[in-house]
1. Looking at (1) open to solvent by 30 Å² or more (accessible area, probe 1.4 Å); (2) assigned to a helix (DSSP H, G or I); (3) aliphatic (A, V, I, L, M), which is the only condition A58 fails?
2. Could we say that S91 is among the hydroxyl-bearing types (S, T, Y) and either within 26 Å of C261 (Cβ to Cβ) or not in a helix (DSSP H, G or I) (or both) here?
3. Run I223 past the list (1) out of contact with any Leu (no Cβ under 6 Å at 6 or more places or on another chain); (2) in a helix (DSSP H, G or I) and report the number of the one that doesn't hold.
4. So is S91 crowded, with 21+ Cβ neighbours inside 10 Å and touching a residue at least 40 places away in the same chain (Cβ under 8 Å) or not?
5. Within the group E156, E217, which residue is under 30 Å from G18 (Cβ atoms), in contact with a strand residue (DSSP E or B) (Cβ under 7 Å, 6 or more places away or on another chain) and open to solvent by 50 Å² or more (accessible area, probe 1.4 Å)?
6. If you scan region 118-128, which residues turn out to be out of contact with any helix residue (DSSP H, G or I) (no Cβ under 6 Å at 6 or more places or on another chain) and either of a type in the set (K, R) or outside any helix (DSSP H, G or I) (or both)?
7. Among (1) part of a loop (DSSP other than H, G, I, E, B); (2) within 29 Å of T184 (Cα to Cα), there is one condition L237 misses while meeting the rest; what is its number?
8. Kindly indicate which of D230, D224 is in contact with a Gly (Cβ under 6 Å, 6 or more places away or on another chain), among the charged types (D, E, K, R) and touching a residue at least 12 places away in the same chain (Cβ under 8 Å).
Amino acid sequence: MISELQFQKELIGIIENGIREDIGPGDYSSLACIPFSARGKAKLLVKDTGIIAGVAFAKMIFQNVDSDLKVEIFINDGAEVHHGDVVFHVSGSSQSILKAERLVLNSMQRMSAIATKTNNFVKLLEGTNTKILDTRKTTPGFRAAEKWAVKIGGGENHRFALYDMIMLKDNHNDFAGGITNAITKTKAYLAENKLDLKIIVEARNLEEIKEILQNEEVYRILIDNFNFEDTREAVRLIGSKCLTESSGNINEKTIREYAECGVNYISSGALTHSVYNMDLSLKAI
C-alpha cells in the first residue's frame, strides 16, 4: 500500500481540485449578498440511517477553505447515525462556510454510503476468517476518500493503484503468453528495477490454479468468478502456499457462502461503485 504521507497528499489533491471545480473565480452567490465580515454557524444534519464517514475529511476541507473556521464534532467517523442526528457544528466566516458546503456534503454523502455498505458486508462475514477488500473501481479523482471510507466501515484496502502491488489479471497473462510467462517476466522485472512489490495472480479455473502453484513468490491467488464447489477445491489445492481471494459478482446473498469456502479475502467493486449517497445537509443555525 502507499505511505501515509502519499495518502494525505492524495486527500489534499481531492480537496484542492474540488474547490477549484466548484468555486472557480468566485462564489458569486455569497459575494453578492453576504458581507465579507459576516459570521455564522451551521450544523451537519443527518436525514438517513447508516455509518457516518468523512467527518475528519470535512474538517480538512473547512481548514483548507479557511483556517479560521472552527469545527465542533459530536459524532465521529464510523459511528452509526440516524435521522435527526447532528454530527458537527462549523462556525466562522459565513462566506467560507458556504464555499465549503457543497464539497463537504458531496464527500460525506458518498463516503458515508460506502462505509455503510462496507459495514453491512463486514457483518455478513462475522464468525468467519474472511476479510472484505475494496478494488480500484472507484470514482476518478476521489479514490483516496473512497478507500478511506471502506476502512471506516470496517473493511480493508486492496492495492491503491497500479504502482503499489502487482496484479496479473487475465489480460496480462494472455498478452504475456500465459500465466507462467507473466509471472517469470514479472519477477525478473521487479529484480532488475529493485522493486519490492507483492504479486497477485488471477485464475479463471482450477487448471490455472495448478499452474500458478508451480511458480514461487506468488503472494495471493485471485479466484475469479468461481462457483462455490470450485472455490472450495481451489482453497484445498492452494492450502498454505499463499493467500486466497474470491472475486466476481459476489453480493450480499452469496458473500457468506464464499467466505465459508475458506478464502482469506473477498474483494468487491460494489463497495465503491454501487452505493446510494446518504442524505445529509448543512443548515445554518
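The values are calculated or read from the model by the stated rules, or taken from the named source; none is laboratory data. Because the structure is a prediction, the values reported are computed rather than measured. Quick reminder, even Gly has a Cβ in these numbers, built from the backbone with ideal geometry, and neighbours come from all protein chains shown. Just so you know, the surface numbers come from the protein's heavy atoms only, side chains and all, with ligands and any DNA or RNA stripped out. Shrake-Rupley method; radii C 1.70, N 1.55, O 1.52, S 1.80 Å.
1. Checking A58 against (1) open to solvent by 30 Å² or more (accessible area, probe 1.4 Å); (2) assigned to a helix (DSSP H, G or I); (3) aliphatic (A, V, I, L, M), the one that fails is (1).
2. On the way: among the hydroxyl-bearing types (S, T, Y): yes; either within 26 Å of C261 (Cβ to Cβ) or not in a helix (DSSP H, G or I) (or both): yes.
Here the answer is yes, as S91 does meet what is asked.
3. Result: I223 passes all but (2).
4. Values: crowded, with 21+ Cβ neighbours inside 10 Å: no; touching a residue at least 40 places away in the same chain (Cβ under 8 Å): yes.
No, not satisfied.
5. Values: E217 fails: under 30 Å from G18 (Cβ atoms).
Answer to the selection: E156.
6. Matches in region 118-128: K123, E126, G127.
7. Status for L237: all satisfied but (1).
8. Details: D230 fails: in contact with a Gly (Cβ under 6 Å, 6 or more places away or on another chain).
Going through D230, D224 in turn, just one is in contact with a Gly (Cβ under 6 Å, 6 or more places away or on another chain), among the charged types (D, E, K, R) and touching a residue at least 12 places away in the same chain (Cβ under 8 Å): D224.
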